[in-house]
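Read the figures in this text as sums done on the coordinates, not as results from a lab. What you see is a predicted model, and the numbers here were worked out from it, not measured in a lab. As a convention, Cβ positions derive from the backbone with ideal geometry for all residues, glycine included, and neighbour counts pool all protein chains shown.
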Amino acid sequence: MTTGLIHLHSLLRWVILILLLVSIYYSLVKSEKIKSTGLWLMITSHVMLLIGLYQTIAGRYGWMNVPEGTSVMKDGFYRFYLVEHPVMMITSVVLITLARRKAKDLNYRSVKTLLLIALVLILAAVPWPFRDAAIARPWFPGM
């Protein structure tokens, strides 16, 4: 089950990135389609958040499975996956949710700003393949 959730979590990152880019585009051109894409973005990001919280707490490398005597903040792998990644992603989901609220009112400038900040945070927090070998993950799960 854990491997399946990790793969789902990895695949959903692409869905979120595509929806985020489309939503930013709609906020730039001031289209009312921002309401529907913003809704799908929010739903997907919340599902991703739930999967990620489970992985952070009870997953293979979650808080419940940290080896005894390991200093989480001194170990780059655990610090990234148990502190940095969750904090930045939770912040991104909050920003996406706020952007969805602003999209209902068609406040395009606020939506654009919130989504751009969320995009930067997500890009910084994803374990891309070119990152440090300890935290890097493949472009697609199972590769």
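Filtered by the rule that a residue be over 14 Å from residue 107 (Cβ atoms) and free of Cβ contacts under 8 Å to residues at least 12 places away in the same chain, the stretch 15-34 gives 18, 25, 29, 33. Residues in the stretch 117-143 that are small (Gly, Ala, Ser) and in contact with a Ser or Thr (Cβ under 8 Å, 6 or more places away or on another chain): 2 in all.
Just one of the numbered conditions (1) outside any loop (DSSP other than H, G, I, E, B); (2) within 21 Å of residue 4 (Cα to Cα) is not true of residue 101; which one? All conditions pass for residue 101, except number (2). On inspection, residue 43 fails the criterion of being closer than 18 Å to residue 90 by Cβ, in contact with a His (Cβ under 6 Å, 6 or more places away or on another chain) and either free of Cβ contacts under 8 Å to residues at least 60 places away in the same chain or not in a helix (DSSP H, G or I) (or both). Only one of the listed residues (79, 60, 109) is surrounded by fewer than 12 Cβ atoms within 10 Å (Cβ to Cβ), out of contact with any strand residue (DSSP E or B) (no Cβ under 6 Å at 6 or more places or on another chain), basic (Lys, Arg) and outside any loop (DSSP other than H, G, I, E, B). That residue is 109.
Just to be sure, is residue 37 buried (at least 19 other Cβ atoms within 10 Å of the Cβ), of a type in the set (Val, Ile, Thr) and without any contact (Cβ under 8 Å) to a residue 60 or more places away in the chain? Answer is yes for this residue.
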